[in-house]
Structures are given as structure tokens and as C-alpha cells.
Amino acid sequence: MTGRAAGLAAAPLLALTGVAQANKIRFGSDLKAPANLAEAHPVDSAFWQTAFPDGRRVTAPAKGKVATVKIKGTAVKHDGKAPVTLFHFQVLHPITGGKVKVSLTSGGFHVPVGGDPNRITTYHPVNLCVKRGDYVSFSDVGGYNHKHYPHGTPFRVFSSVVGSTTKRFTKSGIGNGSTFKGTARQGEELLMRMVLVTGKDAGVCK
């Protein structure tokens with residue numbers, strides 16, 4: 001993603017041994033639905049959940065650090081050509097007019113390709129600080145390839161769920177400071193669950 005180098009949160013480390021017993025709060029998808037929907041766009045796209053059918057919380061419930069993120073699904077390979085699987089987590093802070101502003105971008109991660117379509121992958125962003133009410137987005141880099149991926153990489157990390165709503169914003173160069181509103185995708189769930197730690201266990205994010 002163009003312009004993301006500046007202001008990125010610290011690059012991801014190897015898998016952590018675990019989060020100390022702390023105030024752990026989960027929010028986002030319960031990951032029960034199957035990964036049966038793919039989104040593919042040629043340039044950067046940010047996706048964030050705005051509603052669940054059971055009224056579950058879609059934003060950070062407190063100030064703290066997102067210690068782990070679980071994503072269900074895979075990237076889909078076409079014609080034997082490996083797709084671009086790079087993505088980032090972005091913290092979206094609500095501002096006026098129904099818009100959000102990117103306040104922080106994680107280091108880069110990758111969605112697995114092929115295999116079990118409902119596999120769950122755990123990611124450990126470093127110092128992904130959020131405030132109460134912030135969204136966390138799944139933000140891919142498009143993955144355009146004129147021959148094999150003219151519409152971008154298909155990220156099959158979504159599910160068809162009545163009552164769920166995911167917002168999407170697509171534009172080249174979504175980075176820190178970007179502001180946008182997004183388009184609602186009714187009946188679509190982003191299969192992503194966050195674990196928030198608070199207080200002293202949030203480190204620099206407390």
C-alpha cells in the first residue's frame with residue numbers, strides 16, 4: 001500500500017507465547033459461519049464490520065491493545081499463479097459525518113492460500129493501540145495482475161450471514177490519516193475476531 005511505510009506500527013514478530021492473564025475482551029466475529037464469500041478488488045481495500053445479527057459489539061469496548069486477531073478463510077489461487085496475499089490491520093477512528101479516519105496501520109501479514117477453506121489463522125500485531133469505539137479493519141493491497149488477477153486477489157474471509165453488515169472502502173493508497181465513509185455490504189460478515197488487553201497489560205497502549 002503506497003505511503004504505508006511512514007507511521008506503521010512496529011513490524012509483526014514471531015508468534016508470541018501468549019498474553020499474560022489480564023483483562024482480555026473479545027470483539028468481532030464469533031467465527032462460526034463458513035468462509036463462503038470472497039472479495040476481490042484491484043487496489044487497496046479496507047473492510048470493517050458494522051453490525052451483527054445478535055447485536056454483538058463491532059468496535060473496541062475499551063482503550064487498550066489488540067493483542068491477537070483470528071481470521072477464518074483463505075486467499076484463492078487462480079490458474080496455478082500464486083496470488084498477492086499481503087494485508088494489514090488498520091485502526092479506524094469514527095469522525096463526523098459517518099466517516100472514519102485511519103489512526104494506525106499494523107505491519108504486514110499474509111492470508112494463507114488454499115487448503116482448508118475454513119482454516120483459522122492467528123495473528124499477533126505489535127502495539128496495535130485502540131480507543132473505545134474504534135473499528136479494526138482488514139485492509140488488503142488489492143493484488144492486481146493483468147493476466148491472472150485482473151480484479152485482484154480473492155480473499156475468501158467473509159460469510160453470507162443475514163443481519164450482518166460489513167463496510168468496504170477501495171482506493172489506492174489507504175494509509176494513516178486517510179478518511180472515508182465506506183459502502184455497506186448487507187448480509188456479509190467479516191470473519192475476524194480481535195482480543196483486546198487493557199490496563200498495565202496493554203503496555204504502551206494503556
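Quick notes on this structure:
- Charge dipole (the chain, unit charges on Cβ, about Cα centre) - positive-most of V197, A184, H124: V197
- Separation in nanometres of the label points that stand 7 Å from Cα toward Cβ, at H148 and Q186: 3.8
- Full-stretch length increase - I25, K206 - with 0.36 nm per residue and alpha-carbon distance subtracted: 63.7 nm
- Considering only the chain, percent of DSSP beta bridges that pair antiparallel, nearest 5: 95
- With viscosity 0.692 mPa s and temperature 37 °C, the Kirkwood radius over alpha carbon pairs of segment 124-206 converts through Stokes-Einstein to a diffusion coefficient of 212 µm²/s.
- Accessible solvent surface per residue of the chain, calculated while the other protein chains remain in place, 1.4 angstrom probe, Å²: 46
- If only the Cβ of Lys and Arg carry +1 and only the Cβ of Asp and Glu carry -1, the dipole of the chain around its Cα centre is close to 460 debye.
- Given K77/K181; K131/K200; K63/K171; K63/K167, the pairs whose alpha carbons are separated by over 21 Å: K77/K181; K63/K171; K63/K167
- Partner aspartates and glutamates whose Cα lies under 12 Å from the Cα of K70, excluding those fewer than 8 positions away in the same chain, are identified as D30.
- Given [x] 19.2, 71; [y] 18.3, 61; [z] 15.9, 50, the label whose value is Rg and Dmax of the Cα atoms in Å derived from this model: [z]
- Comparing V162, V102, V111 in a Gaussian network model of the chain where C-alpha atoms under 10 Å apart are linked, the largest mean-square fluctuation is found at V162.
- Taking a ≥ b ≥ c as the square roots of the eigenvalues of the Cα gyration tensor, segment 111-151 is oblate, since a/c reaches 1.5 or more and a/b is not larger than b/c.
The values are calculated or read from the model by the stated rules, or taken from the named source; none is laboratory data. None of these values were measured; they are calculated from a predicted model. Cβ sites come from the backbone with ideal geometry, for glycine too, and all protein chains shown count toward neighbours. Only protein heavy atoms, including side chains, enter the accessible area calculation; ligands, DNA and RNA are left aside. Shrake-Rupley method; radii C 1.70, N 1.55, O 1.52, S 1.80 Å.
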